[in-house]
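Below is one structure, written out as structure tokens; comments come after it.
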């Protein structure tokens, strides 16, 4: 969680959820690193997203890779810093026979596996 003037913020700010890159004209833009498909130098660095969108940037291929690696490290560090109060796992055999529930209007009607009700 981030802190801004003593208020805890549950989500990272924009610069922490995306990487910032620079176009050849000097303008800065943000890219979701999870959408980067490939990076190539020919001789300019080109970033290609999974939807085919292409950006030519001033950063080197090593700098872009470093930015993506730092982003992923922040995501992992954030996940490790969270504390969850999840119930402990209960083996399926301890809960009795497995049953599926069919949801209808917010209520679940259980029925045995392979059986019909």
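The values are calculated or read from the model by the stated rules, or taken from the named source; none is laboratory data. What you are looking at is a predicted structure, and each value in this text was computed from that prediction instead of being measured. FYI the Cβ positions are ideal-geometry reconstructions off the backbone, even for glycines, and counts take in every protein chain you see.
What are the residues in segment 39-69 that are assigned to a helix (DSSP H, G or I) and without any contact (Cβ under 8 Å) to a residue 24 or more places away in the chain, if any?
Hits for segment 39-69 are 61, 62, 63, 66, 69.
Which condition from (1) over 21 Å from residue 17 (Cβ atoms); (2) at pLDDT below 95 is the one that residue 62 breaks?
The single condition residue 62 does not satisfy is (2).
Given the condition in contact with a helix residue (DSSP H, G or I) (Cβ under 8 Å, 6 or more places away or on another chain), assigned to a helix (DSSP H, G or I) and either modelled with pLDDT of 90 or more or surrounded by 12 or more Cβ atoms within 10 Å (Cβ to Cβ) (or both), answer yes or no: does some residue in segment 23-33 qualify?
Looking for residues that are in contact with a helix residue (DSSP H, G or I) (Cβ under 8 Å, 6 or more places away or on another chain), assigned to a helix (DSSP H, G or I) and either modelled with pLDDT of 90 or more or surrounded by 12 or more Cβ atoms within 10 Å (Cβ to Cβ) (or both), one finds at least one in segment 23-33, hence yes.
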